[in-house]
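Heads up: the structure comes next, in C-alpha cells.
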Amino acid sequence: MKHALVAVALIACGTPAPSGPADAHLDANVRLPDAPLATDPCVAPIAIEDLGRCLDRAWCARLAACGHGQLGDTDCGAVDARVTSTIDARTLEQAAVTSFLFHRAAYDPDAAGACVAAIAQTPCRSLAPNTIPIDQCAMFTGLVQPGNFCGYPYECAGDADCVDGYVFSPACGQNTCRPRVAVGMTCSTNPCVPGAHCVSEVGFLLCESGEAGSGCWADADCDDGFWCQPSPMGTIGACVAAAGPGEACDRDRQCGARACVGAALGSGMCVDTTVLGAPCDSRCLGPFLCARPDPMQLGACVAAPAVGDPCLPGAGCGDFLRCGADDHCTTRGALGATCAGAGECDVGLVCTTDVTGTPTGTCVAPLSNGTACVDSTQCASGACTDHVCDVYQACAF
C-alpha cells in the first residue's frame, strides 16, 4: 500500500520530556556562538520545543545526500519542512502545545527521536517538496473520539481521521474525526483506511486498493511501484506494475524507483540514476547532479560540486550552493550579506528585496511580528497575515 507522506501517526502516547538548559536547544534560524552542547537535542528523547528544528536539520541533510546539492555553511535550521498539511517546522511547537492544552493529543519524545533518525533512510525517490516521508512514527497519539471536532490530522483517536467530508481542511473548526472505511466502500463522507485511495467512479467516490488492477484516473490513485494506465475507451483506468530498467516510458512514475530519461526528446527509457555516469535529463538520485551541457542531448550523473568547483552545465551547484559571477560554486549569503533574491541567502534567511521590491537587499533572519511580508516562510512565527508577520493562530477550541 502507498505510505502516507506525513511525520505523524496515531499509535503511541506519552508526555513531553522536560527541557534542558537554554544552550541544550537549537537556535531558531541561524547558527549563533552558543556554549558547547552537553547532549544532542535531536537524539531521543526530543523535547517538543526542539522537534521542528530537528526535523528540519535531518531533512536538509537527506536532501543533500539525495543529490539536491552540498549544504555549504548553512545549519539547515529553517528549511520550512512540512510536518502535516497545515503545520511546518516553525509552527509545530505552538500547534502541538495547543493540542496538548486542550487534551486533543499526547506526545512521545522517544518516538520522535526514532522519527528523526528514520529520515536518513528515506528513499531518494520518495522525496518531494515540503514533505517529510516518515511512516508510522507514532510521535503523537490522538485523543479526540469520532464525531468530535479536531484541529490537526494527528488528533483523532484509534483509526479515525480528521477530515471535512473525506479530506482535511486547513480552516480551524471545519474538521471532524470520522471513522475510516474499507476498500470497496464509498468515501464521499468518510476517509479510506490507510493505504487505500479515494477514487472518483461514475457518480460516486470509492475506496480503491491502489494495487494491480485497481481502478484509477491518475498515478496518485495507485500504490508506489504502480502507475495508472488509461483506458482506451475513456473509462476508468487500471493500476499496473512499474516498468523495468531499459523499458520504454513517458514519465517517472512508470519506472518505479528509477527515472524516465529522454521522454522530452521523444524516446523515454527507465534508468537507474543513482549510478555515477548514468544518462539523465533532469535530477539524478543519490549524491549526484545531472550535468547537461546541451539541452537537446542527454546529460550524465556526476558528483555534486563543492565550494570553489566549476558550476555544472544545466545543474548549477545544487540547491544549497549557488553559481557565482565567476561560474564557480560558492556559499549563499550569510547574515548581513547583500542579496538580490531569496536564492542568494543561506537556507533559513530572508532577502529583504523579496519584501521591499528594491533591486538589492540584505540577508536577514526570519522577520519578527509586525514586519511587512509577502508569504509565511519569511516570518519567524510562520504566519503572514495581510502582508504583515503575525502570531501563528493555532486551532484552539
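If you roll a 1.4 Å probe over the heavy atoms of the protein chains, what accessible area per residue do you get for the range 261-373, in Å²?
For the range 261-373, the per-residue accessible area is 46 Å².
For the range 260-397, what class follows from the C-alpha gyration tensor (a ≥ b ≥ c being the square roots of its eigenvalues): rounded when a/c is under 1.5, otherwise prolate if a/b is larger than b/c, else oblate?
prolate
Could you tell me the center-to-center distance, by alpha carbons, between the range 308-369 and the range 244-261 in angstrom?
If we compute the Cα centre of each part, the gap is 34 Å.
Obtain the nm distance between the two label points defined at CYS172 and HIS387 by a simple spin-label model: each point lies 7 Å from its Cα along the Cα-to-C-beta direction.
2.5 nm
Using a 7 Å offset from the Cα along the Cα-to-Cβ direction at both ALA396 and ALA365, what is the distance between the two label points in nm, to one decimal?
Going from the ALA396 label point to the ALA365 one covers 2.5 nm.
Using θ = phi - 60° and the Karplus relation 6.51 cos²θ - 1.76 cosθ + 1.60, list the HN-Hα couplings for the range 370-385 in order, rounded to whole Hz, with x at every Gly or Pro.
Karplus values, whole Hz, x for Gly and Pro: x, 8, 4, 8, 10, 9, 5, 5, 7, 9, 4, 7, x, 9, 10, 10.
So, with a 1.4 angstrom probe, what is the percent of accessible area on the range 206-326 that is carbon and sulfur? Each step should come with its number before you reach the end.
Working: 3400 of 5740 Å².
Ligands and nucleic acids excluded, carbon and sulfur reach 59 percent.
How long is the gain from ASP110 to ASP40 if the chain were fully straight, where each residue apart is worth 0.36 nm and the alpha carbon distance is subtracted?
The span from ASP110 to ASP40 would gain 23.8 nm if fully extended.
Taking the Cα-to-Cβ direction at THR189 and at ASN148 and moving 7 Å from each Cα, how far apart do the two end points lie in nm?
2.2 nm
If you bin the C-alpha pair distances of the range 299-360 every 5 Å from 0, what whole percents do you get?
4, 20, 24, 21, 16, 9, 4, 2, 0
What does the extension gain come out to for MET233 and PHE100, with contour length at 0.36 nm per residue minus their alpha carbon separation?
Difference between extended and current length: 42.7 nm.
Just check the range 326-397 against the gyration tensor rule for me: Cα atoms, a ≥ b ≥ c as the square roots of the eigenvalues, rounded for a/c under 1.5, and otherwise prolate or oblate depending on whether a/b exceeds b/c.
prolate
At q = 0.09, 0.14 Å⁻¹, work out log10 I(q)/I(0) for the range 106-248 with the Debye formula, treating every Cα as an identical point scatterer and leaving solvent out; two decimals please.
Here log10 of I(q) over I(0) equals -0.35, -0.82.
The values are calculated or read from the model by the stated rules, or taken from the named source; none is laboratory data. Quantities reported herein were computed from a predicted structural model and do not represent experimental measurements. Neighbour counts are summed over all protein chains in view; Cβ atoms, including those assigned to glycine, are modelled from backbone coordinates with ideal geometry. When the accessible area is computed, the model is the full protein with side chains, heavy atoms only, and any ligands, DNA or RNA have been set aside. Shrake-Rupley method; radii C 1.70, N 1.55, O 1.52, S 1.80 Å.
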